[in-house]
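The values are calculated or read from the model by the stated rules, or taken from the named source; none is laboratory data. For clarity, every value in this text was computed on a predicted model and none was experimentally measured. With ideal geometry, Cβ positions are generated from the backbone for all residues, glycine too; neighbour counts draw on all protein chains shown.
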Amino acid sequence: MVHAIRVHENGGPEVLKWEGVEVSDPAAGEVWIRHTAVGLNFIDTYFRSGLYPAPSGLPFIPGNEGAGIVVAVGEGVDTLNVGDRIAYAGPIGSYSEERVIAADRLVKVPDDVDDKVAAAMMLKGMTAQYLLRQTYNVTSETTLLFHAAAGGVGLIAGQWASHLGATVIGTVGSEEKAELAKANGYTHVINYRTEDFVERVKEITNGKGCDVVYDSVGQDTYPGSLDCLKPLGLWASFGQSSGPIADFNLGLLAQKGSLFATRPTLFTYIATAETLASTARDLFDVIQSGAVKIAVNQEYALADARQAHEDLEGRKTTGATVLVP
Ligand SMILES: NC(=O)c1ccc[n+]([C@@H]2O[C@H](COP(=O)([O-])OP(=O)(O)OC[C@H]3O[C@@H](n4cnc5c(N)ncnc54)[C@H](OP(=O)(O)O)[C@@H]3O)[C@@H](O)[C@H]2O)c1
């Protein structure tokens with residue numbers, strides 16, 4: 001018997017319960033891992049609330065990111081050994097002391113990357129990777145807007161985009177967060193609670209607009225984000241921290257300059273063992289070179305996941321958060 005957070009009914013943070021659960025032996029192609037750190041992500045709140053249905057139905061163990069150590073390997077697993085340090089993003093079920101998981105979803109953690117950093121960066125860092133390097137190829141010619149710049153994905157993306165030489169504009173919800181964003185690669189930071197971000201982006205870009213807008217806020221920044229783009233610009237809508245966009249109007253893309261729109265998700269970009277390995281490799285490279293640093297700004301006991309969710313949804317956290325089993 002080990003302990004895990006389980007959700008028996010969808011709802012607020014109070015539905016996260018700390019319980020004893022059984023872990024069964026790994027089947028062929030699987031390994032048994034013991035978590036040393038678990039990453040907290042906004043997507044965990046979508047599964048908890050029911051906005052995204054859990055694939056296995058109720059009850060389920062939430063969590064999509066973790067790091068730990070291999071304690072047993074199933075038949076046919078020849079890429080991992082007992083004692084290997086590993087980390088992953090998805091499949092769901094990381095809010096547990098121990099779990100069984102498909103071996104081909106794991107990556108080995110380099111010796112110079114700490115467990116908490118690994119747990120904090122797999123989902124958020126690989127998201128920054130695909131958004132900046134695959135959804136759009138950010139270069140020194142690029143001007144981009146990234147909403148929620150001081151958040152988990154936001155602080156990584158700011159440093160990475162700056163490293164690629166882009167002009168990086170970010171939005172944040174407080175002055176403290178503005179300072180943090182400026183220290184993490186953002187050239188211009190807008191407080192979208194006190195300033196009109198569309199007007200500010202026009203001023204900053206001399207009326208030209210951005211090549212790409214990365215929008216994970218959703219309801220509150222739509223359709224304003226479309227007005228921040230150049231003609232033929234790309235709107236990458238990759239989340240909904242303020243709530244889902246209720247009525248997406250395709251016609252607006254024509255009216256606002258033949259815009260492109262995409263609604264990407266990390267799990268498409270790391271669907272195969274090859275794309276997972278190449279995306280993770282690119283992430284480890286920028287971490288190991290020092291170009292991108294992972295800020296683990298909050299730590300909670302895994303048993304206190306409820307408090308962590310309240311703080312994340314209450315906009316109290318910055319950078320990454322880990323839950324410690
Ligand atoms: N599609 C994908 O592949 C993918 C992968 C990873 C993450 N995501 C999305 O990216 C976003 C960021 O994820 P994260 O885990 O790094 O979270 P996060 O950015 O650390 O936290 C969310 C932030 O959103 C901002 N926000 C704006 N309006 C909000 C509201 N009404 N309620 C709560 N927060 C609000 C807050 O920052 P301010 O106070 O500065 O506004 C808050 O700190 C999430 O929407 C997540 O779903 C998508």
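The table below lists the values:
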quantity: Within region 142-173, considering residues that are free of Cβ contacts under 8 Å to residues at least 40 places away in the same chain and over 18 Å from the mean Cα position of the chain (by Cα), the one nearest to Tyr214 (Cα to Cα); calculated: Val168
quantity: Which listed residue, of Gly20, Gly76, is touching a Gly at 6+ places or on another chain (Cβ under 6 Å) and surrounded by fewer than 19 Cβ atoms within 10 Å (Cβ to Cβ); calculated: Gly76
quantity: Test result for Asp247, over 22 Å from the mean Cα position of the chain (by Cα) and of a type in the set (Asp, Glu); calculated: yes
quantity: Filter pass, Arg105 being modelled with pLDDT of 95 or more and in contact with an Asp or Glu (Cβ under 6 Å, 6 or more places away or on another chain); calculated: no
quantity: Those residues of region 174-199 which are touching a residue at least 12 places away in the same chain (Cβ under 8 Å), among the basic types (Lys, Arg) and surrounded by 15 or more Cβ atoms within 10 Å (Cβ to Cβ), in sequence order; calculated: Lys177
quantity: Search result, residues across region 47-58 that are free of Cβ contacts under 8 Å to residues at least 40 places away in the same chain and either in contact with an Asp or Glu (Cβ under 8 Å, 6 or more places away or on another chain) or near the ligand (Cβ under 10 Å from one of its atoms) (or both); calculated: Tyr52
quantity: Scan of region 79-102 for residues that are surrounded by fewer than 17 Cβ atoms within 10 Å (Cβ to Cβ) and within 18 Å of the chain's Cα centre (by Cα), ordered by number; calculated: Pro91
quantity: Single residue of region 306-316 satisfying the filter (surrounded by fewer than 21 Cβ atoms within 10 Å (Cβ to Cβ) and within 17 Å of Tyr46 (Cα to Cα)) that is nearest to the ligand (Cβ to nearest atom); calculated: Arg315
quantity: So Gly66, is it more than 25 Å from Tyr300 (Cα to Cα) and not aliphatic (A, V, I, L, M); calculated: no
quantity: Yes/no for Gly233 being more than 20 Å from Gly151 (Cα to Cα), surrounded by 20 or more Cβ atoms within 10 Å (Cβ to Cβ) and not hydrophobic (A, V, I, L, M, F, W, C); calculated: yes
quantity: Helices (runs of 4 or more DSSP H) enclosed by region 210-301 - at least 1 residues per element that are in contact (Cβ under 8 Å) with a residue 24 or more places away in the chain and within 15 Å of Gln129 (Cα to Cα); calculated: 266-269, 273-288
quantity: Region 29-46 - residue that is more than 10 Å from the ligand (Cβ to nearest atom) and surrounded by fewer than 24 Cβ atoms within 10 Å (Cβ to Cβ) and, of those, farthest from Pro13 (Cα to Cα); calculated: Gly29
quantity: Region 143-175: number of residues that are in a loop (DSSP other than H, G, I, E, B) and either more than 9 Å from the ligand (Cβ to nearest atom) or within 20 Å of Leu123 (Cα to Cα) (or both); calculated: 8
